[in-house]
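Read through the structure below, which is laid out as structure tokens, and then see the notes.
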Ligand SMILES: O=C(O)CCC(=O)C(=O)O
């Protein structure tokens with residue numbers, strides 16, 4: 001069982017029972033990581049990225065957020081100011097997308113998320129040449145916010161069937177700051193696979209891409225566990241397209257902006273989902289980076305992507 005401070009881990013405001021919590025196990029990097037991914041539905045790797053480079057990425061993002069008035073001084077602490085000038089400077093979805101694209105394509109961010117260290121891990125995983133999506137899902141989650149329960153498949157299934165997600169924290173994420181969780185063994189659940197296999201959120205927008213059942217109810221119904229960890233700079237979590245995951249609520253009392261980025265990797269020989277490839281990826285509905293909730297001011301309500 002995890003050592004949590006009372007009420008630190010909540011989803012949609014509901015406390016996750018201690019009995020439903022467990023720790024992500026670190027992968028055995030000297031073993032067969034493809035087998036571990038297939039057996040467990042995830043690979044938790046500590047210290048893949050260079051922590052100094054991750055910290056540089058963190059500061060790069062924070063300074064961009066500070067530029068639009070969203071970070072308190074001193075910026076390096078990463079606390080939300082509770083105000084924003086982002087919409088004044090970037091009034092339209094298009095403008096907001098352009099801003100978020102420039103943050104997401106920052107040199108220090110890309111050095112981490114697309115750098116040689118993670119590429120090496122992916123080559124070890126696939127045992128053949130690999131490539132990554134050009135598009136990246138950089139997230140800045142303020143207190144009170146969380147990512148909903150979902151599998152990734154319906155959001156990105158027009159290319160390789162061997163696609164994996166790599167989620168990298170870009171700041172220290174303690175249990176109170178809204179860490180990512182995975183539901184244990186969920187990659188083997190036939191009902192979830194059946195519900196989402198072949199679903200494409202852009203082709204069928206009226207059908208939800210996320211899981212509507214409450215995460216706590218689903219975990220209990222499946223006698224599963226919420227697997228999570230305190231994430232350090234350099235860690236990453238790799239998982240497949242049918243692993244059920246989400247994030248806990250960011251309950252940081254100090255107002256920490258939880259920074260992370262999810263990127264996608266696949267064998268280079270496979271076709272790539274065109275929405276997320278190329279120099280200016282169209283992403284969902286052709287909105288580019290404007291499709292991400294992170295493109296909107298931190299002071300505005302959350303959305304699903
Ligand atoms: O960072 C988050 O809150 C969500 C990340 C996620 O859903 C993903 O990596 O697929």
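Coordinate-derived values only; no laboratory data. All values reported here derive from a predicted model rather than from experimental measurement. Every residue, glycine among them, receives a Cβ derived from its backbone with ideal geometry; neighbour counts consider all protein chains shown.
The residues in segment 121-156 that are part of a loop (DSSP other than H, G, I, E, B), out of contact with any helix residue (DSSP H, G or I) (no Cβ under 9 Å at 6 or more places or on another chain) and under 20 Å from residue 281 (Cβ atoms) can be counted, and the count is 1. Considering segment 157-178, the residues that are buried (at least 24 other Cβ atoms within 10 Å of the Cβ) and in a loop (DSSP other than H, G, I, E, B) include one that is nearest to the ligand (Cβ to nearest atom), namely 178.
For (1) under 30 Å from residue 235 (Cα atoms); (2) over 18 Å from the mean Cα position of the chain (by Cα), each residue gets a yes or a no:
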residue: 80; (1), (2): yes, yes
residue: 85; (1), (2): no, yes
residue: 89; (1), (2): no, yes
residue: 94; (1), (2): no, yes
residue: 111; (1), (2): yes, no
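Taking the criterion of being at negative phi, part of a loop (DSSP other than H, G, I, E, B) and either away from the ligand (no atom under 16 Å from the Cβ) or buried (at least 23 other Cβ atoms within 10 Å of the Cβ) (or both), the residues of segment 180-199 that qualify are 184, 189, 197. Looking across segment 100-120, the residues that are in contact (Cβ under 8 Å) with a residue 60 or more places away in the chain, part of a helix (DSSP H, G or I) and within 16 Å of the ligand (Cβ to nearest atom) come down to 100, 104, 109, 112, 113, 118. Of the residues making up segment 267-287, just one is buried (at least 22 other Cβ atoms within 10 Å of the Cβ) and within 27 Å of residue 55 (Cα to Cα), namely 276.
Given the criterion touching a helix residue (DSSP H, G or I) at 6+ places or on another chain (Cβ under 9 Å) and crowded, with 19+ Cβ neighbours inside 10 Å, identify the matching residue among 237, 233.
The conditions single out 233.
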